[in-house]
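A.B. asks: Here it is: the structure, laid out below.
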Amino acid sequence: SKGAAAAALVVLVLALGGGLIWYLRVPHTPQAQLAYAEQLDKQARAEALTQSVAAIAPKVARAAAAYRRMGERFGKTPQTAEALKRMADLEENVAKDDTQAAAALGQLEKDYPDEADAGFAMREEARLLRKQADALKTGKPEEAVKDYHAALDKLEAYRKTFASQKGANPDHASAALMEEGRIWMDGLGDPLIRPIEIFQQVLKDYPQCEDEP
């Protein structure tokens, strides 16, 4: 009947309209998806200035999911690598969840083997491990020692993987070695000859680095 045909036409128009709205609202490029995630990230950070971690948890989760969707939709792209970096920062500094931050960095290290990405991830993972060790040092010294050594292992792995490569960033390499010395000096504390040896190596290998003084 004419009434049924008209109703079917209305349904079709509504469906097409809904599909068009969906298409226009959903990001279809890595750049657009990253921009969308960054917008959600910015909103979560703004609210974090006046609200508790628990209160903004849904906003953080939404932003993190948008970052995570980069890899799910577009695979391994430069924008996906950047999304993992920003997600790690969001989890650590807004959600206060170092475990999730480390997970994002671990994914970055696994999927993007160049120094700019994997190297960055390894240095940041070492920093998080040292941060955790510092927090455990007073109450759980044995666990702290394990984390300090895990941080040292990560820094050593970074240096072995990237420090000798052609085009490697000498500032990053010298900073990684300096951090090893600081972990021995301020974290482990014994034997004190070890940080001295490391700082001497910094002077030998990177004589004009910013840490020379």
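The values are calculated or read from the model by the stated rules, or taken from the named source; none is laboratory data. Note that this is a predicted model, so its numbers are computed, not measured. Here the Cβ is made from the backbone with ideal geometry for all residues, glycine too, and neighbour counts use every protein chain on show. Quick note on the areas: whole protein, heavy atoms, side chains included, nothing else; ligands and nucleic acids left out. Shrake-Rupley method; radii C 1.70, N 1.55, O 1.52, S 1.80 Å.
A.B. asks: Beyond 20 Å, what share of the Cα-Cα pairs of the chain remains, rounded to the nearest whole percent?
C.D. replies: Working: 15247 of 22578 pairs.
In whole percent, the share of Cα-Cα pairs in the chain beyond 20 Å is 68.
A.B. asks: By a straight-distance test (C-alpha under 23 Å), which lysines pair with Lys137 as possible cross-link partners, with residues fewer than eight away in the same chain excluded?
C.D. replies: Lys96, Lys146, Lys154
A.B. asks: Per residue, how much accessible surface does the chain expose to a 1.4 Å probe? Answer in Å², no decimals.
C.D. replies: Details: 12540 Å² over 213 residues.
Normalised by residue count, the accessible surface of the chain is 59 Å².
A.B. asks: Give a quick list of GluC sites (Glu not before Pro) in region 105-213 that DSSP marks as loop, anything other than H, G, I, E or B, with at most 13 other Cβ atoms within 10 Å. Intermediate values should be presented prior to the final figure.
C.D. replies: Values: sites: Glu109, Glu115, Glu124, Glu125, Glu142, Glu143, Glu156, Glu179, Glu180, Glu197, Glu210; in loops: Glu210.
Those that pass, being in a loop and sparsely packed, are Glu210.
A.B. asks: Any chance you could run the full-extension gain for Thr29 through Ala46? It's 0.36 nm times the residue separation minus the Cα-Cα distance, nm to one decimal.
C.D. replies: Values: separation 17, 0.36 × 17 = 6.12 nm, distance 2.60 nm.
Once the chain is fully extended between Thr29 and Ala46, it gains 3.5 nm.
A.B. asks: Another question about this same structure. Roughly how tilted is helix 98-111, in degrees to the nearest 10 and between 0 and 90, from the longest Cα axis of the chain?
C.D. replies: 90 degrees
A.B. asks: Calculate the spin-label point distance for Lys160 paired with Glu72, positioning each point 7 Å from the Cα along the beta-carbon direction, and give it in nanometres.
C.D. replies: The modelled label-to-label distance comes out at 3.6 nm.
A.B. asks: Over the chain, what relative contact order in percent results from Cα pairs under 8 Å that are six or more residues apart? Please list the in-between numbers first.
C.D. replies: Numbers: 219 pairs, mean separation 22.8, N = 213.
Value for the chain: 11 percent.
A.B. asks: Also, I was wondering about something else. Give me the log10 of I(q) over I(0) for region 114-206 at q = 0.24 Å⁻¹, as the Debye formula computes it from C-alpha points; what are the numbers?
C.D. replies: The computed values of log10 I(q)/I(0) come out as -1.18.
A.B. asks: Based only on Cα atoms, what Rg/Rh ratio does region 62-147 have, Rh being taken as Kirkwood's radius? Kindly include the intermediate steps, with their values, before the conclusion.
C.D. replies: Numbers: Rg = 14.0 Å, Rh = 13.4 Å.
Using Cα coordinates only, the ratio equals 1.05.
A.B. asks: Average projected area of the Cα convex hull of region 122-171, in nm²? Let's see the in-between values first.
C.D. replies: Details: hull surface 13.5 nm².
So the mean shadow area of the Cα hull is 3.4 nm².
A.B. asks: Moving on to the next point. How tilted is helix 170-182 with respect to the longest principal axis of the chain? Cα atoms for both, answer in degrees (0 to 90, nearest 10).
C.D. replies: It works out to around 60 degrees.
A.B. asks: Percent of accessible area on the chain owned by carbon and sulfur, 1.4 Å probe? Intermediate values should be presented prior to the final figure.
C.D. replies: Values: 7210 of 12540 Å².
Roughly 58 percent, rounded to a whole number.
A.B. asks: Under the rule of -39500 (n - 2.57) per DSSP H run of 4 or more residues, summed and divided by the residues of the chain, what mean residue ellipticity at 222 nm is obtained, to the nearest 500 deg cm²/dmol? Write down the numbers at each step before the final one.
C.D. replies: On the way: 9 runs with 156 residues, N = 213.
Value at 222 nm, helices only: -24500 deg cm²/dmol.
A.B. asks: Related question: If one takes the longest principal axis of the Cα atoms in the chain, at what angle in degrees, from 0 to 90 and to the nearest 10, does the Cα axis of helix 141-158 lie?
C.D. replies: In the chain, helix 141-158 runs at an angle near 80 degrees to the longest axis.
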